[in-house]
Amino acid sequence: MITLTDFLVVSAALFCIGLYMTVSKRNAIQILIGIELILNAAILNLVAYGKYDKVNNSGQIFALFAIVLAAATTAVALAIILNVYRRYKTIDPNDINKLKD
Amino acid sequence: MTLVRVLFYFLSFIAIASALYAASSKNLVRSIFVFFVTLFSLAGLYVLALADFVAVTQVVIYVGGILVLILFAFMLSGKETLNVLQKQEGKFFSMKKLPAILLAAVFFIVLTNVLFKADADNLPWVRDAISFKNEISPKDIMIDNIGVNLMTRYLLPFEAISILLLVALVGAAHLSRKEGKA
C-alpha cells in the first residue's frame, strides 16, 4: 500500500517547483501557473490525510473547497493581468513599476 | 511491488517531470499545455489516495475551467507577450536563476527532513483511525457520504464559499470592463 509519507514527498516536490516558478519567472501567467502548482500540492496533502477520516470526510471536502477557491483566484488574477496588459503593454512584473497617475 | 505502487510511482514521476518541464520551458504556450499533463496526473494521484470525487472535480474545474481561462487570457494579451518571452537569453542555465533554484532546493531539503522526522504514518490520530476502522478502504463508496456531510456538517463553509464565488464573479467582471465607460 502507498504510505502517507510518499504522498507528502511528492507534494513537497510540487510545492518547491511552484515556489521556483513564482520567484524566477518574468511572465505573470507563468507566475500564476506556479501559484496553481503550490495550491495543487496543498490539495494533494489534504486528500492524502483525508484518507484517514471516513466519517467526516474533512480532508476531501476541504480539498473541494480549495479547488473552487483556486478557480475564483485564477479568474480574478487573469482579469488583473489583462488590465495590466492593457495599460503597460507587457506582463513582465519587473516592468510594471508606475502608479496610475 | 504491487500494481498500486507501480502506478503511484509512474503517476508521481509524470507529475513532477511535467511540472519541472513547465518550470524550465521558455515557451509560454508549451508551459501551459504541459501543465495540463501535471493536473491530469495529479487527478490520478487523488484516485490512488481513494478520493475519486475530488479527482473528478479536479478534472472538471482545473482542466476544463482554469486552463481554458489561462489560454484565453494568453490569446487576448496578444503577440507582445510572446515577444517578451523570446527576448530572454537562450541559455539553459543562467546566473540570474541561481538564487531561485537555491531557494527551492533548500526548501525541498527542509521539507523532506521535516516529513521524515514527523513520520506521518505513525501519528497518533492516524493510528487511531486505522484501529477504529475509520480509514477509507478501496471498496468504500464515499460520494453519498460527501454529499450528506457537505449539506450538514460543512454547511457554513459551503455557504461562505458561495458568497465568495459571487464576490469573485462581480470583481472579475468589474476589473475586466473597458476603461472610461464606467
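Looking only at the range A:46-58, count every residue that is more than 7 Å from chain B (Cβ to nearest Cβ) and either over 16 Å from B:ASP144 (Cα atoms) or buried (at least 22 other Cβ atoms within 10 Å of the Cβ) (or both) and tell me the total. Can you show your working first?
First, the residues of the range A:46-58 that are more than 7 Å from chain B (Cβ to nearest Cβ): A:46, A:49, A:58.
Now narrow it down to the ones that are either over 16 Å from B:ASP144 (Cα atoms) or buried (at least 22 other Cβ atoms within 10 Å of the Cβ) (or both): A:46, A:49.
Within the range A:46-58, residues that are more than 7 Å from chain B (Cβ to nearest Cβ) and either over 16 Å from B:ASP144 (Cα atoms) or buried (at least 22 other Cβ atoms within 10 Å of the Cβ) (or both) number 2.
Quick check on the range B:23-43. Is at least one of its residues in a loop (DSSP other than H, G, I, E, B), of a type in the set (Val, Ile, Thr) and at pLDDT below 95? Lay out the reasoning, then the answer.
Narrowing the range B:23-43 to residues in a loop (DSSP other than H, G, I, E, B): B:25-27.
Filter again for of a type in the set (Val, Ile, Thr), leaving none.
There is no residue in the range B:23-43 that is in a loop (DSSP other than H, G, I, E, B), of a type in the set (Val, Ile, Thr) and at pLDDT below 95.
Is one or more of the residues making up the range A:69-77 over 27 Å from B:LEU111 (Cα atoms), touching a helix residue (DSSP H, G or I) at 6+ places or on another chain (Cβ under 6 Å) and more than 7 Å from chain B (Cβ to nearest Cβ)?
yes
Test A:ASN83 against the criterion of being more than 30 Å from B:ASP121 (Cα to Cα), within 7 Å of chain B (Cβ to nearest Cβ) and not hydrophobic (A, V, I, L, M, F, W, C), and give yes or no. Before you say what the answer is, go through the steps one by one.
On the way: more than 30 Å from B:ASP121 (Cα to Cα): yes; within 7 Å of chain B (Cβ to nearest Cβ): yes; not hydrophobic (A, V, I, L, M, F, W, C): yes.
Taking the combined requirement at face value, the residue satisfies it.
Which of (1) farther than 21 Å from B:PHE35 by Cβ; (2) within 15 Å of the chain's Cα centre (by Cα); (3) surrounded by fewer than 18 Cβ atoms within 10 Å (Cβ to Cβ) does A:PHE65 not meet, given it meets every other one?
Among (1) farther than 21 Å from B:PHE35 by Cβ; (2) within 15 Å of the chain's Cα centre (by Cα); (3) surrounded by fewer than 18 Cβ atoms within 10 Å (Cβ to Cβ), the lone unmet condition for A:PHE65 is (3).
Mind telling me which of the residues B:PHE8, B:PHE53, B:PHE72 ends up being within 16 Å of the chain's Cα centre (by Cα) and of a type in the set (A, V, I, L, M, F, W, C)? Give the derivation first.
Numbers: B:PHE8 fails: within 16 Å of the chain's Cα centre (by Cα); B:PHE72 fails: within 16 Å of the chain's Cα centre (by Cα).
It is B:PHE53.
(1) facing chain B (nearest Cβ under 7 Å); (2) in a helix (DSSP H, G or I): which one isn't true of A:ILE43, the others all being true?
Here A:ILE43 clears every test but (1).
Could you figure out which of (1) more than 7 Å from every other protein chain (Cβ to nearest Cβ); (2) more than 18 Å from B:LEU11 (Cβ to Cβ); (3) of a type in the set (Gly, Ala, Ser); (4) without any contact (Cβ under 8 Å) to a residue 40 or more places away in the chain isn't true of A:ALA28?
(4)
Take the conditions modelled with pLDDT under 95, among the acidic types (Asp, Glu) and in a loop (DSSP other than H, G, I, E, B) and apply them to A:ASP6. Does it pass? Outline the logic, then answer.
On the way: modelled with pLDDT under 95: yes; among the acidic types (Asp, Glu): yes; in a loop (DSSP other than H, G, I, E, B): no.
Answer is no for this residue.
Would you pick out the residues in the range A:12-41 that are within 13 Å of the chain's Cα centre (by Cα) and more than 20 Å from A:THR74 (Cβ to Cβ)?
Selection gives A:CYS16 alone.
Going by what's in this entry, would A:ASN56 be described as modelled with pLDDT under 90, under 30 Å from B:ARG5 (Cβ atoms) and in a loop (DSSP other than H, G, I, E, B)? Give the derivation first.
Working: modelled with pLDDT under 90: yes; under 30 Å from B:ARG5 (Cβ atoms): yes; in a loop (DSSP other than H, G, I, E, B): yes.
Here the answer is yes, as A:ASN56 does meet what is asked.
The values are calculated or read from the model by the stated rules, or taken from the named source; none is laboratory data. Remember, predicted model here, so these are calculated numbers, not experimental data. As a convention, Cβ positions derive from the backbone with ideal geometry for all residues, glycine included, and neighbour counts pool all protein chains shown.
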